[in-house]
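Below: one structure, written as structure tokens.
The values are calculated or read from the model by the stated rules, or taken from the named source; none is laboratory data. Predicted model only: the values in this text are computed from it and were never measured. Cβ coordinates were reconstructed from backbone atoms using ideal geometry, including for glycine residues, and neighbour counts include every protein chain displayed. Just so you know, the surface numbers come from the protein's heavy atoms only, side chains and all, with ligands and any DNA or RNA stripped out. Shrake-Rupley method; radii C 1.70, N 1.55, O 1.52, S 1.80 Å.
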Amino acid sequence: MKFFLSLLLVGLLSYGLQAQNCDCDHVLDNLSTTDVNIIHASSFDYAPGDVFCVRGGQMAGLRFLGFKGAPGEPLTFTNCEGAVVINETPHAGITFIESEYIHLTGTGDSNVQYGFHVAQSGAGQVGLNVTAFSTDIEIDHVEIENTGFAGIMAKTDPRCENPTTWRSSGFVLRNLDIHHNYIHHTTGEGIYIGYSGGYKVESNVSCGGQKRFGHWLENVEVHHNLIENVGWDGIQLNLVRSNGKVHNNTILNWATASEFYQDFVLNVTGGTYEVYNNYMRSSGGNVGKGIQVISAQSGSKFYNNMLVNPESHGMFIHARHEFDDPAEGYYIVNNTIIRPGRSGFFYDAQIMHSADQNLVGFRQNEASMYFVNNLVVSPGSNYGVDPTWKLEPESYFDFNTPDTRDAHLFTIYGNFTTRRIDTLGLENPAQDRYAPANSNSVLVDRGSSALPFNLNFDLENDSRAVNGAYDIGAYEFQGISTSSGYAPEESPFSVFPNPAPADNPVYMDLPADDTEVRIVAANGQVQYQAIHDGGQQHLPINRLVAGVYWVQVRRGDVSGAQLLIVQ
């Protein structure tokens, strides 16, 4: 293996011959403590799968240029002999430029939890930057603080002078995995991924009168990070057109700079996402808004999230572009929202941007928007008192128009809403733990089946439906329950037999006349709809193919749903 000494712009950088001491293929030591360390791939004779060690100690920023591993054989950059502590004032702390198949990990010394520690970065600079067409990157066990902008940023912005940065060039940032990092006291976002200045139709970059768009991303996962006391959004994720996942993160005290439009705990836009098992708590008196979802696409899921004390709405959802599947919206299941400054959930279905101008202004109410088994406690909205068309239910599930609300009454069920947290039977709300204390909690076994959503675990990764029934909210009580769910007089209806052979009759027990009944397939398509009288009624299923369906009922403001399996 060959080693080189490279004379850099900032001084002499020595690549030591101490691979045996650090058990690596290449060791970087004697790094500058005053000038950014520019490290060129061309200075090494390396192969895919090689390990580069940065010897622990104080140093200025690290800038890696042109390093390229291979699929299944990434180049690993790790610490050895202690933590790498970076104090950088003019520039970013760590930067990867034109690099791919890279794993940066601070696990090189078992005595140190975060083997890379960006102690500061320059004004307007990020802690760790993945840029200039870098892709296929994994980052873990890095601590970042005191940054001039975001903690971690990953994107290549479109620039007029460089057409290769435009989306039309075909570059896609793929396979980005950011996990087990500690990010705190940043000026900007905790984690900022993807270009936020344009999605499909609108863009804030115009080159010679032609709009240019930021590149797509695919297979992005942000998980098991601790983020606290950040100036702007906790996590922002944009343009992930497939497989964007944000899960198992803890975010405490975001939006400390009170920058308007940059103050959400999670901000996901323009793509397809799965957001789950995140614990988010603001302790600064409702400073920092909740989750913002802008133009996420059909099938995006949000479940098992715990959100405490958000300013404004717990979740603000606006489908500004048309859904790619007009029959399918989002699945918002088993979330817990405590003391939102306004409503628990707000949904606006109006299209603002479309290549088809006939769709602009259209409300895509036909898309199924499932709100199931969510717990909302003590909202700031009080529509039962305010002079508006909205009433007390809209304090929890809020809509911009009555017709959007009415279109989704069938798909809002199994939830629990209250202004009295003391009535829920929770474990330790004084310590911001809102799990059921015992089987007598009103949340235990009171939810609807989440089987069609493939949801079988809770916020703490414990099993769902422990006693054969789902609990409401982010937690599932793991003890033996004495509850059998809703008492018969509380249940809106029942369906039997279930499962049901397709050639046998199926019946419903309905509590009242003039009840609207629908059968809805798992893809959201309505298979049957009619008005029924109360009592035992026949439910026609002879035209249904084998599969899983929802039987939904509504009478006035009362609605409910039962899972029906047709064999």
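Observations on the model:
- Residues satisfying the stated conditions in segment 432-459, i.e. of a type outside the set (G, A, S), farther than 20 Å from Y331 by Cα and within 24 Å of the chain's Cα centre (by Cα): D432, R433, Y434
- Of all the listed residues (T89, T135, T107, T164), the sole one being surrounded by fewer than 24 Cβ atoms within 10 Å (Cβ to Cβ) and at pLDDT below 95 is T89.
- Residues (more than 27 Å from M369 (Cβ to Cβ) and crowded, with 18+ Cβ neighbours inside 10 Å) located in segment 413-434: L426
- S354 farther than 30 Å from E460 by Cβ and hydroxyl-bearing (S, T, Y): yes
- Considering only residues in segment 138-161 that are under 21 Å from the mean Cα position of the chain (by Cα) and over 20 Å from W232 (Cβ atoms), the one that is surrounded by the fewest Cβ atoms within 10 Å (Cβ to Cβ) turns out to be E138.
- Test set (1) within 24 Å of D406 (Cα to Cα); (2) of a type in the set (A, V, I, L, M); (3) at pLDDT 85 or above - A512 fails condition number: (3)
- Strands (runs of 3 or more DSSP E) lying entirely in segment 393-480 (those with 2 or more residues that are at pLDDT below 90 and not hydrophobic (A, V, I, L, M, F, W, C)): 426-428
- Test: residue in segment 96-103 that is surrounded by fewer than 20 Cβ atoms within 10 Å (Cβ to Cβ), touching a Ser or Thr at 6+ places or on another chain (Cβ under 9 Å) and not in a loop (DSSP other than H, G, I, E, B): yes
- Flag for Y383 being open to solvent by 10 Å² or more (accessible area, probe 1.4 Å), hydroxyl-bearing (S, T, Y) and in contact with a Leu (Cβ under 7 Å, 6 or more places away or on another chain): yes
- Cβ separations smaller than 6 Å between residues 6+ apart or across chains give the following pairs from segment 33-62 residues that are over 18 Å from I97 (Cβ atoms) to residues that are acidic (D, E) and surrounded by fewer than 21 Cβ atoms within 10 Å (Cβ to Cβ): P48/E73; G49/E73; D50/D25; V51/D25; R55/D29; R55/E81; G56/E81.
- Only strands (runs of 3 or more DSSP E) whose full extent lies in segment 274-365 are considered here, and the ones with at least 1 residues that are under 22 Å from G447 (Cα atoms) and touching a Leu at 6+ places or on another chain (Cβ under 8 Å) are 279-281, 301-303, 306-308, 311-318, 328-333, 336-338.
- Index of the failed condition, T336 passing every other in (1) within 27 Å of A430 (Cβ to Cβ); (2) open to solvent by 10 Å² or more (accessible area, probe 1.4 Å): (2)
- Look at (1) of a type in the set (S, T, N, Q); (2) closer than 18 Å to Y475 by Cβ; (3) open to solvent by less than 10 Å² (accessible area, probe 1.4 Å) and you find that T250 fails only one, number (3).
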